[in-house]
1. For segment 178-197, enumerate the residues that are surrounded by 21 or more Cβ atoms within 10 Å (Cβ to Cβ) and either in a helix (DSSP H, G or I) or without any contact (Cβ under 8 Å) to a residue 12 or more places away in the chain (or both).
2. Is at least one residue of segment 212-221 assigned to a helix (DSSP H, G or I) and in contact with a His (Cβ under 9 Å, 6 or more places away or on another chain)?
3. Can you tell me which residue in segment 29-65 is modelled with the highest pLDDT, limited to those that are touching an Asp or Glu at 6+ places or on another chain (Cβ under 8 Å) and open to solvent by 60 Å² or more (accessible area, probe 1.4 Å)?
4. With the condition being within 15 Å of V60 (Cα to Cα) and among the β-branched types (V, I, T), I'd like the helices (runs of 4 or more DSSP H) fully within segment 1-47 carrying at least 1 qualifying residues.
5. Kindly indicate whether N165 is in contact with a strand residue (DSSP E or B) (Cβ under 7 Å, 6 or more places away or on another chain) and in contact (Cβ under 8 Å) with a residue 60 or more places away in the chain.
6. Determine if segment 8-22 includes at least one residue that is surrounded by fewer than 17 Cβ atoms within 10 Å (Cβ to Cβ), under 28 Å from the mean Cα position of the chain (by Cα) and within 18 Å of D128 (Cα to Cα).
7. Checking the conditions here, which among D219, D226, D231 is among the acidic types (D, E) and either crowded, with 18+ Cβ neighbours inside 10 Å or within 22 Å of Y127 (Cα to Cα) (or both)?
Amino acid sequence: METLLAVVEHQNFTRAAEALSMTQPAVSHHIKQLEEEVGAPLFVRKKNGLKLTPQGEIVVKYARRLTALNEKMRMEIQNAGKNLTVLRVGITHTAESNLTAASLAKCSSRHNNLKIILYTDTINNLYDMLGNYEIDMAIVDGASNNPGFSSMMLDTDYLMCVMSNNNPLASKGAVTLAELKKQKMILRTPASATRMLFESTLESNNETIDNFNVTLEVDNIATIKDLIRMDLGISILPRSACMDELKKGKITALPIENLSMIRETKIIYNKSFSDMDILSEIIKIYASNKG
């Protein structure tokens, strides 16, 4: 399994062998053995390298899951002697910049035997990591359709048009779509939940993102807010991600007429997850910090 994952990562038997400190024939032998065990070819050779067969993609999916479960087992055995609980939490870049991370840190600080490890990634990657048991829970916008997951509500938020206090629109009570189209926009990347919600809301109003002047796409929320304060453009961001700046009067956030962009932040976890007391405490701390 480890050899298979190395070949997939390096797309080459020789480079995989170097990474594993093995010989190339040994790597080839491992793959051949695995193909015989599952009764199907795992790779096809293309001009530009190796490509997984449909059967190979299935084996890789479970190889990643088995590897993650093995690592989790060893970690729990090691921590059991120390009376230590390690919680691996995946969050989106939006959650990284608001009170979610602060709530997790406060929860960890209250318990000497609790260690929280944060992973930041896109929502789709977090779902993959959760399904492969590489993380214990994910804090994301919306809900998953995976029947193996359960969820609990953490917060209800909504997207707003965020701009510099010097922007002429900042004196208004709300922004229209026509006014938005005249502005330079700095948006999250297309894979982010914030961007997907904005685009889907536009589509429901017979609009498309192509009608707007998107001059920059940035994955980091803090960078977007810095650029906004410099009056280099406006953005669409969750209100919760801008609370500190709004309280200090550093930026302005306005609703967009006829656009309702409500989003639910949920904690998603595998149904086998057992530390429900910690999960409940995270929710209570979050509510207390928000209040």
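The values are calculated or read from the model by the stated rules, or taken from the named source; none is laboratory data. For clarity, every value in this text was computed on a predicted model and none was experimentally measured. FYI the Cβ positions are ideal-geometry reconstructions off the backbone, even for glycines, and counts take in every protein chain you see. For the accessible areas, the whole protein counts, side chains as well, though only heavy atoms, and no ligand, DNA or RNA atoms are used. Shrake-Rupley method; radii C 1.70, N 1.55, O 1.52, S 1.80 Å.
1. Result: L180, A193, T194.
2. yes
3. Taking the candidates together, the pick is P41.
4. Per the criteria, 2-10, 24-38.
5. Against the criterion (in contact with a strand residue (DSSP E or B) (Cβ under 7 Å, 6 or more places away or on another chain) and in contact (Cβ under 8 Å) with a residue 60 or more places away in the chain), N165 qualifies.
6. yes
7. Being among the acidic types (D, E) and either crowded, with 18+ Cβ neighbours inside 10 Å or within 22 Å of Y127 (Cα to Cα) (or both) holds for just one of D219, D226, D231, which is D219.
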